Structures are given as structure tokens and as C-alpha cells.
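What follows is a single structure, written as C-alpha cells, with notes after it.
The values are calculated or read from the model by the stated rules, or taken from the named source; none is laboratory data. Everything numeric here is computed off the predicted structure, so don't read it as measured data. Cβ sites come from the backbone with ideal geometry, for glycine too, and all protein chains shown count toward neighbours. We work out accessible area using only protein heavy atoms, side chains counted, and drop any ligands, DNA or RNA first. Shrake-Rupley method; radii C 1.70, N 1.55, O 1.52, S 1.80 Å.
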Amino acid sequence: MHIKTSHGWELSERDATPEPLMLARRGLMAAAAGTAALGIPLVARAQGAPRNAKYDGGRELTSERDATTYNNYYEFGTDKSISRAAQRLPITPWTIKFDGMVGKPRTMDFDDILKRVQLEERVYRHRCVEGWAMTVPWTGFPLKDLVAIAEPMASARYVVMETLADPKAMPGLRISSFEWPYIEGVTMAEANNDLAFIATGLFGKSIPKQNGAPLRLVLPWKYGFKSVKSIVKLTFTDKKPTTFWEGIQPQEYGFWANVNPEVPHPRWSQATERLLGNDQRVPTRIYNGYGEFVAELYAGMPNEKLFI
Ligand code: MTE
């Protein structure tokens, strides 16, 4: 992962269109584009989901343009400008496999999963380990609801989530020093924490491919690399997994990766973060400011590297 500090394209769209007007227009545009005919159920994946006021971001929203054009998705390339390349991601049909320590291993159609969950919108802060941050409205449902659908055994201790690895669509898979597919993992307690979210939408629309369509994890108290994109598999296990970045550089990217301004990355400080869009630098907060929801998960773990 690299740090970039300036970009020519950062234009503010904040004042562009009032929200209700924009939503109405999006609805019309979606209908006009015949998205249902393309098999992309826009409405079911994002639109009209009520906002959960419990999570409000506490900061000005990052513009949709910035959030959708400055991305990390190494399967499509190692720089931030992968939004065009990512349009090759095939997302219809999409299935999710549940395996490992589950009562019955099986593969489910993503649309059938959507019928069993309640969508809501949450505004979360996102803090990348590289030192940039954004605040965006995700639509989706709690990760614990997906875990419940998988029906893991009581003895499962971790859930590992895996990104699609399609060499035809993803040129980044040619980087052979990386161990594809991209995987991430959390403990069952973390997975069942209400803050852990599966996003299916962003800014009231289906989540763009570059942001992890059709479903990605969002763990706002951890560095962004934990938030694995385009999930095709959940594996339940009693063994701590070696996650994608941990496998590449364990001293720099660990399993826990909880945000902490006091614990520097081996190559840079984590004390502050740069807000996408205006390049303002603001102080970073422990657990990215979500300590009231998650700090108790880590009580009594003195020997774990919780912040790397
Ligand atoms: N998931 C996959 N499959 N591949 C990736 O390269 N990058 C991670 C995470 N999830 C990544 C991924 C990192 S480092 C970050 S900061 C976030 O995605 C970026 O999400 P965004 O592009 O939606 O801002």
C-alpha cells in the first residue's frame, strides 16, 4: 500500500443537488436505463433504506465522486484510479458460499440472501491504514444477519471472508507475489458486534464495482484493509486465519488492525488522517472514534497486537 498526498481531480460536489431531488432523479435514471432488465435490482440493494440515526458519521460527508474514484482494490491495480478497470467485475449472477464449521455447507444466491435481511443506511467514518479517511452513507445490513443465515457451529471462533478471484476480469491477480484471493477475517464476537456491516449500497445506490459490488464488509473501527470487497465465501473456523495483508507483511498489517493514533505504522505515524476531498488533516481517534461500541471486545487481551 502506498501513500498519495495530492490529486488533481478532487472537486467538491457537496452543494450540487439537494438529496430528495437527487434520489428522485436517480430513480428515474435507473428506470430509464432498464436496470431491472439487466438483472441489477437497484431498488432491493440500496434505494429507500431508512437511515439508522444511531450512526451518523459526525463529519461532513465525503463527496460521492471522491469516494468512488479514489479506491483501493488491488485485484484491479495497485494505484487509486481503478474505478474504470473495475467495471469489468462480473456481478450478475452472484452467489455466496458458506463452508467450514457450519451445520450444512451450501451456496446461496445473493438475491435470496437479500430477501432475508432488512436494509438500512448508516453513515460511517472509514480510516485507511495509509492515512486517508472518508465519511460515507452505506446501505446494507449487519454482518451478524449474514452469519445467522450461514448457521455456524457453536464451536466456530472466526469467520473468514473471501473476495472473488477472476483472472479474466482482474489484471491485478497477475501480481504473483501476492497470495490471492484477498481474504480477511474477524472473531465471531467481532462479527456479531452491531457495528460490523455488510454494504450493498453507497450514497443510496447499488454499491459501485470499484467499492466492492455487490457486497463488501465495513468495519469502521479497524483500518480499511479489513473491509474486504466483493465477497464470495464465508468460511467458519476455530483457527485464526492469516489474512491477505498479514501474509504479505505481518509486521505492518496484522489480524486485529484496530485504529489507534498512538501506535504508529512501522513506516509512518497514525496520529492524524487526511480527509478525502479537502485534504484537511484531523486527529485520528482510537477505534476511529467507535470505542463505545467495540472497546469491550478487546478487554483482557494484553498479549495481542490489537493496533497493527
Ligand atoms: N478488498 C479487496 N478485495 N481488495 C483490496 O485491495 N483494499 C482494502 C479494502 N478492501 C481491498 C479490499 C483497503 S486497503 C481499503 S482502504 C478499502 O478496501 C478501500 O475501500 P474503498 O475503495 O471503497 O474506499
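Extension gain for the segment THR95 to ARG267, taken as residue separation times 0.36 nm less the Cα-Cα distance, is 58.0 nm to one decimal. For the pair ASP56 and LYS168, a Förster radius of 35 Å applied to the C-beta separation gives a FRET efficiency near 0.30, rounded to the nearest 0.05.
The Cα atoms of the stretch 153-308 give a gyration tensor whose axes a ≥ b ≥ c have a/c under 1.5, which makes the shape rounded. The trypsin sites (Lys or Arg not before Pro) of the stretch 186-295 that DSSP puts in a loop, and whose beta carbon has at most 13 other beta carbons within 10 Å, are LYS239, ARG267. Label-to-label distance for ASP194 and MET153 is 3.2 nm, based on points extended 7 Å past Cα in the beta-carbon direction. Separation of the alpha carbons by more than 24 angstrom is noted, of LYS205/LYS229; LYS97/LYS144; LYS54/LYS305, for LYS54/LYS305. In terms of the Cα gyration tensor, with a ≥ b ≥ c the square roots of its eigenvalues, is the chain rounded because a/c is under 1.5, prolate because a/b exceeds b/c, or oblate? Since a/c stays below 1.5, the shape of the chain is classed as rounded. In the stretch 196-294, taking the dipole from charged Cβ atoms about the Cα centre, the farthest positive-side position among PHE293, GLY204, TRP221 is held by GLY204.
The magnitude of the dipole of the stretch 143-243, with charges of +1 and -1 set on the Cβ of Lys/Arg and Asp/Glu and taken from the Cα centre, is near 300 debye.
Summed over qualifying helices (DSSP H, 4 residues or more, each -39500 (n - 2.57)) and divided by its residue number, the chain shows a 222 nm mean residue ellipticity of -4000 deg cm²/dmol.
Computed from the C-beta positions of ARG88 and LYS305 and an R0 of 35 Å, the FRET efficiency is 0.45 to the nearest 0.05.
The calculated FRET efficiency for GLN251 paired with SER176, based on their beta-carbon distance and R0 = 22 Å, is about 0.50.
Compute a Gaussian network model of the chain, connecting alpha carbons closer than 10 Å, and tell me which residue from PHE225, PHE110, PHE197 fluctuates the most. Top of the fluctuation ranking is PHE110.
For the stretch 17-298, the carbon plus sulfur part of the accessible surface works out to 55%, probe radius 1.4 Å.
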